[in-house]
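Notes to accompany the following structure.
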């Protein structure tokens, strides 16, 4: 099972993503894999391939052991945006988190801590699953808009009459206004790959206080 843990986003955000795609998809020469509206979320922990017998222990660990929840609900508001790793070599287009970023980071740390304490079933001798290690990189909350599969080459000779599309898109991402959204649950999803893109099936939901 291919799994990840994240925060679902409300319908206003899904509609905003749809509008953004409608504007920019016809304008970009690069080949992109756009996030499907309805799937938009904030990833807290990507797990990758997980054996089925590891799912139930994860659900129990992410629930409320000893009556302690993962954290409190909070307000998230998106804003700004950019490219990973940078605008010169874009691989991911993202929208940032203006409000609620520290709460996202605290949740990500809590998820890491709970999963790190698990005694993963059958982990010894199981290729590729010693239990997911802690992330080496610092967690940066963001909302993935698209992944760039093949970037179109820049014109060989810069033409002042041809605008820099990536720069234009960056300005649009930074100028976009997003509403406040109450984050009140964390979801463990299974990602089911299909020819039209991934479908996300919730395996467990965990309420925030």
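Rule-based calculations on the coordinates, nothing more; no lab input. All values reported here derive from a predicted model rather than from experimental measurement. As a convention, Cβ positions derive from the backbone with ideal geometry for all residues, glycine included, and neighbour counts pool all protein chains shown.
Here r is the Cβ-Cβ distance between residue 149 and residue 209 and R0 is 41 Å; the resulting FRET efficiency, rounded to 0.05, is 0.50. Between the Cα long axis of helix 101-116 and the first principal axis of the chain there is an angle of about 40°, rounded to the nearest 10. Each residue, residue 30 and residue 177, gets one label point 7 Å from its Cα in the Cβ direction; the gap between the two is 2.8 nm. For the pair residue 113 and residue 138, label points projected 7 Å from Cα toward Cβ lie 2.0 nm apart. Per residue, the average separation of C-alpha pairs within less than 8 Å and at least 6 apart gives the chain a relative contact order of 34 percent. Hey, what angle do you get for helix 11-24 against the long axis of the chain, alpha-carbon based, 0 to 90 degrees rounded to 10? Relative to the chain, helix 11-24 is tipped by roughly 30 degrees. Treating each Cα of the chain as one equal point scatterer and applying the Debye formula with no solvent, the log10 of I(q)/I(0) at q = 0.10, 0.12 Å⁻¹ comes out as -0.49, -0.69. Computed extension length for residue 15-residue 106: 30.0 nm, one decimal, from 0.36 nm per residue of separation with the Cα-Cα distance subtracted.
Projected onto their three principal axes, the Cα atoms of the range 33-72 cover extents of 41, 29, 14 Å, largest first.
The radius of gyration of the Cα set in the range 1-82, together with its Dmax, comes out at 16.8, 53 angstrom. Modelled spin labels at residue 80 and residue 192, positioned 7 Å past Cα toward Cβ, are 3.8 nm from each other.
Helix 165-175 and the long axis of the chain differ in direction by around 60°, with both axes built from C-alpha atoms.
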